[in-house]
1. Check off (1) out of contact with any His (no Cβ under 7 Å at 6 or more places or on another chain); (2) at negative phi for GLU23 and give me the number that stays unchecked.
2. I need the full set of residues from the range 24-43 which are over 18 Å from LYS6 (Cβ atoms), surrounded by 10 or more Cβ atoms within 10 Å (Cβ to Cβ) and of a type outside the set (Ser, Thr, Tyr), in order please.
Amino acid sequence: MSKKRKQYSASFKSKVALAALKEDQTTSEIAARFQIHPTMVST
């Protein structure tokens with residue numbers, strides 16, 4: 001049986017995007033804070 005893909009809300013995506021735009025933290029630090037893969041931050 002396969003796992004279901006996780007779907008993120010628009011508000012969560014905007015929080016991650018704003019954190020990435022601020023450039024206070026590295027991509028890895030943002031990914032660790034939001035518990036997502038680092039490539040998801042840049043996407």
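A short reminder: the numbers here are calculations on the coordinates, not readings from a lab. It should be emphasised that the depicted structure is a prediction, and the values quoted were computed from it without experimental measurement. Ideal geometry is used to build each Cβ from the backbone, glycine not excepted, and the neighbour counts take in all protein chains shown.
1. (2)
2. Across the range 24-43, the qualifying residues are GLN25, GLU29.
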